[in-house]
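Quick notes on the structure that follows.
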Amino acid sequence: MTGNLFKESAAAARVLGEELRGVIADLDPAVAQPLLDRLSVEAHPTPLLVFTGYHSSGKSTLIEALTNRAFNVPIGSGVTTDEVSEYDWEGDVRLVDTPGVHAGRPQHDERAERALQAADLVLFAVPVELFDDTLVAHLRDVLGRLGKARQTLIVITKAGTMAAAPGHREAAIKDALGPFNLVPWVECDAQYYLDGLDLADSSPADSAAFIEASGLSAVASLINTFASRQGEMGRLSQPLQLLLAIALEASASLTDDPNEQAALNVLARQRSALSKKRIHLDTLLDARSAQFRADAVRAATLFADSIEREEQQDGGLGDVSLEGHLANLNEGLRVALERFEAAVRQVLEAQFDDLASEVLEIEASPYGRVAVQLGEVEPAGFDGRDVVIRPGATPATAAPGWTSDLSKYLKQFNKFWGAGDGVKAAAGSNGHKIVVKVGHAFGKKFQPWEAVKTANKIGKAAKVGGAAISIGLEAYGVFADERAAVKAEHARSERRRSITQEILAQADAIVADGLSTVRKDLDDMFKPEFQRIDEMANEVRDAVSGRSQLRERLERIEREAEAALRKLAGSAH
Amino acid sequence: MTHLAVPSRRQWQAQALKVLFGEQAPASDPWPALLELVARFQALTDEIRDFALADAAGLEGVGQDVFHRHGEPSSYRPAVVGRDLRAPMRVVLMGRTMAGKSSLLTAMTGSHFDRIGDGRQRFSRDVLGAPSLVSEHIEVVDTPGVGAHGGADDTDAALKAALDADVVVWVNSSDSIQEESAAALKLLGVIGKPIIVAINCRQSLQGVGRLNLLRFPDRVFGNREGLVDEIKRHMALAGVEPLDVVYIHALAAAEAKANAEVDWQLHEASRIEDLNGALVREHAAHNETRRALRLVDGHRQPAQDLALSLSQGAERLRAQAARERAMTKDVHARLRRLVRNTGEAMVSDVDSAVGRRRDWHLSVTDFGKAVQSDWNDEVASLNDELAKALEARLSTLTAEIQSAVEAVDAEWATVSLDQFALRDLSAFDSVWGNRLARASIGIGSAVAVMAAGAFIGGPVGLAIAIAGGPAAGIALTPLKNLVDRIFLGKDGVLRKRRQEVAKQVGPILDDLAEEYQKVVATRLDELRDGLASERRSSAEHSKSLEDLAAGWTNHSQGVRELIREIDLGTTSALLRMNGRERLARSVTRATRVPGVCILAEFEDAAFWEAWLFPPDLGETLAGGKAPIRGGESASALAYALSLAEAGFQLTKANDASAILTTDADLPTAIVETWSGALTAHVGRPIQIETNRRTSHQ
């Protein structure tokens, strides 16, 4: 089975973090302490995989299979998992097994709810019997209300127990997903996989056949796709990036040469500023997305309200007035999108401005001054006056061989990141480029709601409602026809839900599409810069012939962290 | 022999002086006034020193060791009262270990044969004096050798003894002068002790060795010019030149007196009489003035050190304050960014968490009693989620602040204070300070290295937690049931409730979001306030450093005033001792550079007298007269003319500065010392340029 990237990258971060801690502990305590502090406090949240679905839908078996039997998950018949169980996969990944959904309402208990909200990936287990209304409601609740449409994988868990004609399962899933049609699905038989593991010693051939038939590797590789999609700079890579920045800083303390020390510290600070900014941007963009969703929900609610009001007042919904409501809806959605786009642009502008000022600050700091002066870029002078007498002056040493490259690098960095007069003013800067691009990122718009299509969707409820209301005019009839009326009211709720879900699905698609473009643009800018920083750092470090053992260890950690990042990025494609 | 000017007219001074300038007034006893002056000087410098220390006492991070120079016994000061003025002239033998000092002591005193070493380092470890054989008025003092491996204590003891010397005999073996001993020699020079260099030429006396000494003295004593030049170069770095250079064979001189019968042949061959002769001449010429200078310098030199330490310390305090300010600016820029970013992230957390619940009402299907508890659950989960997220942000922030502070601290620790210091010694200090610097006696070592810390005391207090979330009205208002049911029917009730719930959820979420934003803003404002007060106290600390610096600058000036006063008094006293009562009375201002020169301003008539017949005080006296207005810098020429026989030209002079040029072949350090002395004396920058022909260091 393919390895699990959630697990692997978290494990890499943990193991390399421990090694780095070991290396740093051997350094001069004055240098080591701040680094150690940073290494321990910027602890990352461990990735969280949440399993949900019906009772007895094989979630527990799936957990066992995916972790290669890392846990002894109790499995029995009937309702096996009554409450949320959490498994700590070697400290790297948390797996949460939720009790299945209850009939009656699509939400479940509080802990499950919280786990689902916080999930990095939801594995939605579906039995071969496929969906019923409750399960569909639960699915849509997770996708819609909890906003996990981009972080959910549907797994048909016991594929081996029942064959299905091609297309059936797909059709059923498509139906269940409704508007959220981009959610991937996969089928597997986790029990086969476990059986295969059991047979490994006694009958290798059978074992291989079972494992092959289990389809679990397809599940694993889909999971890895999700892991990669969390982004080069996302939660998974964050700890690895941090490691790299700290390792770079640690290597700066391994040298006695003040020039080398200054150059490496500047590079480390630049690296850390960039990676922090990248993570910060994600946080802010997520919040803007949440606001956008809220705006979309508000538009949907207004739309539903206006339809219902009219139904009640006029006993029905005319085509002309429907057109009017739709126009309002479309306008509301357009405005929401515009606001979102503007908000994203504003976030980017503000953050790139901030980054630019930080870049300048780094150059103006003591280390930055040394590096900049080395590179013969026009230095900003200290306020002090000229020197008259220099008792105990340090002897001038020859500039190191890498000065001209450092100079080029710093100019480039300053040009792309440090345009201090604001993003808009500096046409060459990265901030400017990406802000200009935001408009293209949101090429995808809400599809206009059209009368014919919409009428079909809302018509049924409207008719029922209309009938109910006309009957209900008589006080006497209230009780007589209450059953029908209540049913109609339920239908209205259902209609409301479906309208909202439809809109949210679109909103999510727009967010996913737009932000993934923005994020890709960001990554296209940030990734090469990290590479340039690392190359420059290597050049500076390689200039010294003596290679201490500590340096070897640091460089090995760096190489492995980079490899883990590459692997994480690699399976995105 | 030396570059110092000894005018030939001094030969007929005795006859001419009287004829030209008249009889001297009856000489008064110079000592009572001098002793009183020194006592007063001591008391006043002590007082200033105590004030300066008291000023610094309250300030964190400012060392008390500002006034202590390592490896130099500056704390030694001779007692003023109860000195026996008839005591013999004190000649202190100093030199590298195994240079032959104790042999020389034996040779010169005819006693203490047991002190002669046996070829190991550090044989004589104590200070021991004995009367000289040639004059009861000369006492010879042996000291432990300097520069022995692990012999820092010996060096210290030797230097202490040298400070109490009237004349130092620098005993140097014939081979070389080593770095350690050169440092001690330079220090003696900087302090201003008169130094006679005795080259102790090595030649074993066993076997034919004795014969070699007797027959071929040139092989033993000759070819030492290179070594003597090197010794002179070292001394020149301190701005001084040897009083005399003699070549002796100490062991031969000692052995000549080993037996009851003096071996006169060996005695003569040892050339010890060259040294004795130099000392007897020195005693005859300068006994009293040397005594006075020893007494004065014992107090003047620590005071000069104090003045320099104070002004250097002030400079350093200002540099420290400047660095502190720059560092404070840097750290707060970083911290502001951290706080701002955290604030943004926290607001985003709130927006995200609240935003996800905007459509909560759509998921409600049961509008019975469950609605309220479902909603409560939802709000509880929101609170829980936010509390965790926000707390995590804050604890990360705390740690980030901590590590940013540490990083800034580490980074600024690499910034030398030199980057901020002006390092411009005032003219007065530059004479003394530059002599120290050129002699490689680190100025820096005189000044305390002050801690960089004390700008942010550890982590910023961040007791921030949002416990349980804000307690706003987050409950849904109870849904009316009975009445509605009658009038609206069950479906109507349902619809109405749905609308009510839908209507309430939005505003409640808005309130919640707002409440959380408020909490976030409040907490961050508290944090910002905390940082601002840290910043203020950093600024205050910098300010108090600058205040202290200003105080020290004042104190330093006070000490300089006292030094000017004692220089004038000393010059007067020396002139009196030299029998020049008239000059003593007419000196108006004096600047002394111990061991180098005394620049004295005379009233007009006395100036001519001093110019024609310079007094012989043991230290070169260069006379000048009060300048006309605007002629201060040009007035330096008069003094300069007395400094070197070769003469000077006034190459350039205006009311602000002057450049003097000399053809004399002088070591750079001596010329610079003269420039500094002139600058200090006339109060304008004076620069002496030499048309140098040879390559003096």
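Each reported figure results from applying straightforward, stated rules to the coordinates on display, with no laboratory input. Since the structure is predicted, the reported quantities are computational estimates derived from the model, not experimental observations. Ideal geometry is used to build each Cβ from the backbone, glycine not excepted, and the neighbour counts take in all protein chains shown.
Say the cut-off is 22 Å between C-alpha atoms; which of A:Lys527/A:Lys567; A:Lys277/A:Lys415; A:Lys59/B:Lys388 go over it?
From the list (A:Lys527/A:Lys567; A:Lys277/A:Lys415; A:Lys59/B:Lys388), the Cα-Cα distance tops 22 Å for A:Lys59/B:Lys388.
When Cβ neighbours within 10 Å are restricted to other protein chains, what is their mean count per residue of peptide A:278-290? List each step's numbers first, then the result.
Working: counts 0, 2, 5, 0, 1, 9, 7, 1, 5, 12, 4, 3, 11.
Across the residues of A:278-290, the mean count of other-chain Cβ atoms within 10 Å is 5.
Using the Karplus curve 6.51 cos²θ - 1.76 cosθ + 1.60 with θ = phi - 60°, work out ³J(HN,Hα) for each residue of segment B:16-29 in order, rounded to whole Hz, and write x for Gly and Pro.
After applying 6.51 cos²θ - 1.76 cosθ + 1.60, I find 6, 3, 4, 5, 7, 10, x, 5, 6, 5, x, 6, 9, 6 Hz.
Quick query: amide H of B:Val169 versus all other amide H atoms, modeled in the peptide plane; which residues come in under 5 Å with a sequence gap of 5 or more or a different chain?
Result for B:Val169 returns B:Val92, B:Leu93, B:Met94, B:Ile196.
May I ask which of B:Lys101/B:Lys232; A:Lys158/A:Lys520; A:Lys7/A:Lys276; A:Lys487/B:Lys496 have a Cα-Cα span longer than 25 Å here? Before the final figure, lay out the partial values.
Values: B:Lys101/B:Lys232 20 Å; A:Lys158/A:Lys520 37 Å; A:Lys7/A:Lys276 23 Å; A:Lys487/B:Lys496 15 Å.
As for pairs spanning more than 25 Å Cα to Cα, those are A:Lys158/A:Lys520.
Report, as an integer, the average count of C-beta atoms from other chains found within 10 Å of each Cβ along B:336-349.
What the average comes to for B:336-349 is 4.
What list of ³J(HN,Hα) couplings, whole Hz, do you get for segment A:127-134 from phi and the Karplus terms 6.51, -1.76, 1.60, once you set θ to phi - 60° and write x for glycine and proline?
Ordered by residue, 3J(HN,Hα) equals x, 4, 5, 6, 8, 10, 4, 4 Hz.
Can you list the residues, at least 5 places off or on another chain, whose amide H is less than 5 Å from the amide H of B:Ala653, using H built in the peptide plane?
Long-range HN contacts for B:Ala653: B:Ile659.
If neighbour count is taken as other Cβ atoms inside 10 Å, put B:Arg316, A:Arg38 in order from fewest to most. Numbers along the way, then the final one.
Numbers: B:Arg316 26, A:Arg38 22.
In increasing order of surrounding Cβ atoms, one gets A:Arg38, B:Arg316.
Which value, in debye to the nearest 20, describes the size of the charge dipole of segment B:569-697 about its Cα centre when Lys and Arg Cβ atoms bear +1, Asp and Glu Cβ atoms bear -1, and nothing else is charged?
Numbers: 12 positive and 14 negative charges, 44 e Å.
The calculation lands at about 220 debye.
Only counting other Cβ atoms within 10 Å, I'd like B:Phe602, B:Phe113, B:Phe216, A:Phe210 sorted with the fewest neighbours first.
B:Phe216, B:Phe113, A:Phe210, B:Phe602
Under 5 Å between amide H atoms, partner at least 5 residues away or on a different chain: which partners does A:Glu187 have, H built in plane at 1.01 Å?
Residues meeting the amide H criterion: A:Ile156.
By counting other Cβ atoms within 10 Å of each Cβ, how are A:Glu558, B:Glu546 ranked from fewest to most? Display every interim value, and only then the final one.
Working: A:Glu558 21, B:Glu546 18.
Placing the least packed residue first, the sequence is B:Glu546, A:Glu558.
Using a ≥ b ≥ c from the Cα gyration tensor of segment B:160-286 (square roots of the eigenvalues), is it rounded, prolate or oblate, where a/c under 1.5 gives rounded and otherwise the larger of a/b and b/c decides, a/b for prolate?
Working: a/c = 2.30, a/b = 1.57, b/c = 1.47.
Since a/c reaches 1.5 and a/b is larger than b/c, the shape of segment B:160-286 is classed as prolate.
Please give the peptides B:244-255, B:584-595, B:498-509 ranked by average Cβ packing (other Cβ atoms within 10 Å per residue), highest first, as a rough proxy for protection. Present the calculation step by step, with values, prior to reporting the outcome.
Numbers: B:244-255: 24.6, B:584-595: 22.2, B:498-509: 17.2.
Ranking, from highest mean packing down: B:244-255, B:584-595, B:498-509.
With just the Cα atoms defining each centre, how far is segment A:483-536 from segment A:236-312? Give it in Å.
So the separation of the two Cα centres works out to 17 Å.
From the square roots a ≥ b ≥ c of the eigenvalues of the alpha-carbon gyration tensor of segment A:188-260, which class results: rounded (a/c under 1.5), prolate (a/b over b/c), or oblate? All intermediate terms of the calculation are to be shown ahead of the outcome.
Numbers: a/c = 6.47, a/b = 2.66, b/c = 2.43.
Since a/c reaches 1.5 and a/b is larger than b/c, the shape of segment A:188-260 is classed as prolate.
Using r as the Cβ-Cβ distance of B:Asp511 and A:Leu182, and R0 as 41 Å, what FRET efficiency do you calculate, to the nearest 0.05? All intermediate terms of the calculation are to be shown ahead of the outcome.
Working: r = 35 Å, r/R0 = 0.85.
Efficiency computed from Cβ-Cβ geometry: 0.75.
Determine ³J(HN,Hα), in whole Hz, for all residues of segment B:30-38 in sequence, where each value follows from phi through the Karplus function 6.51 cos²θ - 1.76 cosθ + 1.60 and θ = phi - 60°; x replaces Gly and Pro.
The phi angles translate into x, 5, x, 5, 5, 4, 5, 4, 5 Hz.
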